[in-house]
Amino acid sequence: MEPQLLHTVADGVATVVIRHPAKRNAMTADMWRALPSLLDGLAKDPAVRALVLTGEGATFCAGADISSLREPSAGAAEGPQALAVGPQTLAVEAEEALAAFPKPTLAAVRGHCVGGGCQLAAACDLRFADEDALFGVTPAKLGIVYPASSTQRLVSLVGPATAKYLLFSGELIDSGRALRTGLVDEVLPSGELAKRVAEFTRVLVSRSQLTQAAAKEFAGGRLDRAAYWAEQERGSGDRAEGVAAFLEGRRPRFTWTTSG
């Protein structure tokens, strides 16, 4: 079965599935390359109001497929030293594309979420995990320098001490510790993750995309965009609709969209 990224769109939610069962859904170089363009297309789709990233089966993503990362130039040495900088750059580009996705994103994590898998999960806005999930950031096991932007994103989630613990040791932590440190937002009993993700994404798609998009930028430090979002709010009609719906006891029909 070929490693690939699968996607579906239903009821306002795009679901992207990492599929590489032979390697516990490890990301190949081709999969890293494919993710930004896939996300770009989904971002432009007006039917998409939220995105879920998950892995096929019982594992989220076991990291990068190390065998696919060995792309030495002609005459380069064999062995671990042959790991090229290029594939790591691809991973960062994919991570940044996911972080920049203009609509809410949620990683639904089962099993191992390790290395590049944790890198992708951290780039999502939210992370829900099965109680048996395991998390780790493992470049220290390979002698790889974890990217600066990825390190800062990890620090912003879990704080410097936990980020150092993960990066220095490469050890895995369970879902309970991940929840306590802020790496995940919710931990669900075994078998209930899919139900909870479906329930929560129904909430997300019912809310104002204007509010969500502005909050996402502000949370990311884009305070220079305050005037832009104030103008969007004044021109959108969503505020008037939201207030009217509240007073009338009905669901609001928001019309502002990131796709148009």
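Observations
- Label sites at GLN152 and ASP11, each approximated as a point 7 angstrom past Cα along Cα to Cβ, lie 3.8 nm apart.
- Pairwise centroid distance, computed over Cα atoms, of segment 124-186 with segment 193-260, Å: 29 Å
- Looking at the chain alone, DSSP beta bridges between its own residues are antiparallel in about 30 percent of cases.
- Cα gyration tensor category, rounded, prolate or oblate, for the chain with a/c compared to 1.5: prolate
- On the basis of the beta-carbon distance and an R0 of 25 Å, LYS141 and LYS164 show a calculated FRET efficiency of 0.95.
- Lysine pairs within the chain, Cα separation less than 29 Å, 8 or more sequence positions apart or different chains: 11
- Compared with the dominant principal axis of the Cα atoms in the chain, helix 29-44 is inclined by about 10°.
Every read-out reported here was derived from the displayed coordinates using simple, explicitly stated rules and does not represent laboratory data. All figures in this text were calculated on a predicted structure; none of them were measured in a lab. Cβ sites come from the backbone with ideal geometry, for glycine too, and all protein chains shown count toward neighbours.
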